[in-house]
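A quick write-up on the structure given underneath.
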Ligand code: FNR
């Protein structure tokens, strides 16, 4: 049941497949006879130095994968010099994650109808040393995840809300996740409400879930600090495009004014290379981290991150690029460039 919850996408799971396959349709164009004796894959994200252009995406309920939950994930992030985005729906309270290690953490936010609860969580995150807020914008309601409905997936209590709101929603419709989300999430939250979010925090705000140049421009207009091109790992609107297929249009609209990140379907170092070539500053990793966590806790997450880093380092050497800045648009060929 939990595997299905982690692995699954919405409805036909078209986008789930596409997120991965769209990467396969992009070629890398190597340059040979470049001095690649020394490769540096480090970069910075929102001014924070990280060992590689990858970070851990916010995913809910890590205790379904491992008894240590987000604490194990955060320790792996710290050990790998990587940033972790902690989900609003984490199994461990955010203060416990914060005190477990010195990983750089961003806090992912859903806005509840009870705005006071969302505001309180942002303020708790800020007090606990989180460095940015990631507003997830693609989830006014939960996508239809049929495996969870079939399995009657029940979310365990979410500890961030102890004493604030009951997370037990009883429903006879299979999974209680969608019922919980529609009871709590504020589906009326929109662009103009970013002003409210800015008024309750001094942290930089990133918007996660942008897939079009139009929305990228709106994000610039409301003055956020970054954009994450994401379709929520294909768990929300099925038949939304693969993230890598829209990245370049979004990057063009943003014109370098704020950083653009991407998640969805990143499974190899070559995928990270392709995303950087098309203009992403970094990528976020969702399911592979959860699977590493389920397989072997903190060590499993470290293995996943290190495998991706080693693959990226090798790809950069073979492509003739010594630093992430050396990776350019000319290093990839997409379907738009020339039929493959
Ligand atoms: C997610 N994702 C997610 N996003 C978010 O903003 N808040 C959340 O609580 C969650 N929870 C969540 C749970 C699970 C099980 C998955 C798989 C995903 C989406 C996540 O941040 C990210 O966008 C995708 O996981 C990226 O795609 P890949 O790497 O899983 O293909």
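Bear in mind these aren't lab numbers, they're just calculated from the coordinates by the rules spelled out. Quick caveat: nothing in here was measured; it's all calculated off a predicted structure. Neighbour counts run over all protein chains shown; Cβ positions are idealised from the backbone, glycine included.
Structure above, values below:
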| quantity | calculated |
| --- | --- |
| With Cα atoms, 0 to 90° folded angle of helix 69-79 axis to the chain main axis | 30 |
| At 0.692 mPa s and 37 °C, Stokes diffusion of the range 117-188 via Kirkwood alpha-carbon radius, µm² per second | 238 |
| Percent RCO, i.e. relative contact order, over the range 207-246, from Cα pairs under 8 Å lying at least 6 residues apart | 45 |
| The range 73-162 - Rg and Dmax from Cα coordinates, angstrom | 14.3, 40 |
| Label point 7 Å beyond Cα of residue 313 along Cβ direction - residues of the range 253-270 with amide nitrogen under 14 Å | 269 |
| Cα-only radius of gyration and Dmax that characterise the range 132-243, units Å | 15.7, 43 |
| Mean Cβ count within 10 Å, highest first, over the residues of peptides 126-139, 65-78 | 65-78, 126-139 |
| Alpha-carbon radius of gyration plus Dmax, which is the widest Cα pair, for the range 1-108 in Å | 17.5, 51 |
| Mean ellipticity per residue at 222 nm, deg cm²/dmol - from DSSP H runs of n ≥ 4 across the chain, formula -39500 (n - 2.57) | -12000 deg cm²/dmol |
| Estimated Rh, the range 237-313: Kirkwood, alpha-carbon pairs, angstrom | 13.4 |
| Spin-label pair residue 152/residue 165, simplified geometry with 7 Å Cα→Cβ offset, distance in nm | 2.6 |
| Rounded D (µm²/s) - the range 40-79, Kirkwood Rh over Cα pairs, Stokes-Einstein at 37 °C, 0.692 mPa s | 286 |
| The range 8-67: Cα Rg divided by the 2.2 N^0.38 Å rule of thumb | 1.71 |
| The range 192-340 - Debye-derived log10 I(q)/I(0), Cα point model, q = 0.15, 0.20 Å⁻¹ | -0.87, -1.28 |
| On Cα atoms only, tilt of 213-222 relative to the major axis of the chain in degrees | 60 |
| Volume per residue of the C-alpha convex hull in the range 201-286, rounded to whole Å³ | 98 |
| Relative contact order, percent, the chain [alpha-carbon distance under 8 Å, six or more residues apart] | 26 |
| The chain - convex hull of alpha carbons, volume per residue in Å³ | 123 |
| Rounded tilt (10° steps) of 14-24 against the dominant C-alpha axis of the chain | 20 |
| For q = 0.16, 0.21, 0.28 Å⁻¹, Debye-computed log10 I/I(0) when each Cα of the range 49-119 counts as one equal scatterer | -0.53, -0.85, -1.27 |
| Relative contact order %, the range 75-222, counting alpha carbon pairs below 8 Å whose residues are six or more apart | 26 |
